[in-house]
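Laboratory data are not the source of any read-out in this text; all were calculated from the coordinates shown. In this text the structure is predicted, and so the values were computed from the model without any measurement. We place every Cβ from the backbone using ideal geometry, glycine too, and count neighbours over all the protein chains shown.
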Amino acid sequence: MDSEQLREYGYRMVDFIADYYKSIESFPVLSQVQPGYLHKLLPDSAPDHPETLDQVLDDVRGKILPGVTHWQSPSFFAYFPASSSVAGFLGEMLSAGLNIIGFSWIASPAATELEMIVLDWLAKLLNLPEPFLSKGNGGGVIQGSASEAVLVVLIAARDKVLRSVGKNALEKLVVYSSDQTHSALQKSSQIAGIHPENFRVLETDASTNYALRPELLQEAVSKDLKAGLIPFFLCANVGTTSSTAVDPLAALGKIANSNDMWFHVDAAYAGSACICPEYRKYIDGVETVDSFSMNAHKWFFTNFDCTLLWVKDQESLTNALSTNPEYLKNKASQARLVVDYKDWQIPVGRRFRSLKLWMVLRLYGTEALKSYIRNHIKLAKDFEQLVIQDPNFEIVTPRIFSLVCFRLVPEGNDEKKCNEQNRKLLDAVNSSGKLFISHTALSGKIVLRCAIGASLTEEKHVKEAWKVIQDEASFLLHK
Ligand code: PLP
């Protein structure tokens, strides 16, 4: 590592990235390339001799950027946002610069301790109950994804219950969630060896705006108990992927707690909004929960990746995930004086991800973060109003945060044709390159999703997006 070369190239790379942000609106938001495009442009093997940074950056401009979908574009409204920020970027840069692998405390004490501190800050900001703080048995940890978060707590819960009922009971363990839960839970259950027939997907519908009904959970649990099965894990959502539905945590928690089930809450996207006092109500009941996760890389201005997971009982995690090989032994760990985060996650190695979260919190402060989130929600309200005013469209499910679920209304009652029209509209809008929205299905209806949360999005981008959608719709309807 030549520090003078780093200085020279580093400045140039920052210039390159700053120029990218300056011109981001000139790119088609959704990449328009065809599969395999890059194979045609790049050589078959790596160069034998060094090339220059200029040559590489030329290729980034000419060959890579055309194949990039611009998640940071102010007109990116698909999926959920991945809001970046200058602070988040600088934190990533610092983390890459230090390039430490903080698997245990001794491997870089600051990495472990900063992570504990910052996760405590966030827990306080969310007003999570005391047991989630690191001073007792609980604490927070940064995972790479919401999928890893649910996998580790599922494994912790599985091992906890198997320790009390015996290892042979694995076949009897039952997992519960609503049909709106992210597929990450199903993948985790498969990995954790849960019998596929014991994965209960409880139906939701428009009558509860796709939130899980506690009576359905109670019924399913009672039926499984009668059949000699062991209900052991419930995953609820605050902000489902399709429509941001919020499950009633307090009522679900009562059922989970009275049946000794592990209760996990996935608030991947909407958790960020709960730092605002007026949105905190959506996690009321979190005191009944064993683990809670949110993605700071979705809507908390922290560059990917940064999932925050809190547990009340860290020993459940470490009992399931810790190993103690000779080559990692050290005095602090042996004396149990420290947290070794390798025992809270699947890999051993881990990046210094708390730096970027710390920088986001320090460079913006919590009041500004709240106001950024409120602004996105206000822009979503504006978009919702535009949809409501157009008789060709309808809102499919009430907006709660900054996602608007809408569609072209069916002509007559022809739902099949309506779905086709909405799919066509989606393709037309996205292939315009002017914005990117995504879709989902709710009760068999194809629904268009406009998720506002990119850091650069302003009112004009929302208005322009709506105009493109309206123009494409009127072209489609009058063809
Ligand atoms: N949970 C919810 C509610 C999500 O919306 C998503 C992704 O959008 C996930 C989980 C999966 O997230 P990750 O990519 O962090 O695993």
**Coil-residue trypsin sites (Lys or Arg not before Pro) of region 262-335, DSSP, other Cβ within 10 Å capped at 15** = Lys329
**Mean Cα-pair separation over length for region 366-479, i.e. relative contact order, pairs under 8 Å, 6 or more apart, %** = 25
**Request:** Could you please tell me the mean projected area of the C-alpha convex hull for the chain, averaged over all directions and given in square nanometres to one decimal?
**Result:** 26.1
**Item:** GluC sites (Glu not before Pro) within region 1-99: DSSP coil, no more than 13 neighbouring Cβ in 10 Å
**Value:** Glu51
**Complete:** Put in order of increasing Cβ neighbours within 10 Å, starting from the fewest, Leu170, Leu435, Leu41 give Leu41, Leu170, Leu435
**Asked** Which percent, to the nearest 5, of DSSP beta bridges fully inside region 101-351 are antiparallel?
**Response** 40
**Prompt:** Add -39500 (n - 2.57) for each DSSP H run of 4 or more in the chain, then divide by its residues: what number comes out at 222 nm, to the nearest 500 deg cm²/dmol?
**Reply:** -13500 deg cm²/dmol
**Prompt:** Rounded to a whole number, what is D in µm²/s for region 101-351 from Stokes-Einstein with the Kirkwood radius over alpha-carbon pairs (4 °C, 1.567 mPa s)?
**Reply:** 71
**Item:** DSSP bridge orientation in the chain - percent antiparallel, rounded to nearest 5
**Value:** 55
**Prompt:** What FRET efficiency do you get for Ile101 and Arg362 if R0 is 30 Å and r is their Cβ-Cβ distance, rounded to the nearest 0.05?
**Reply:** 0.80
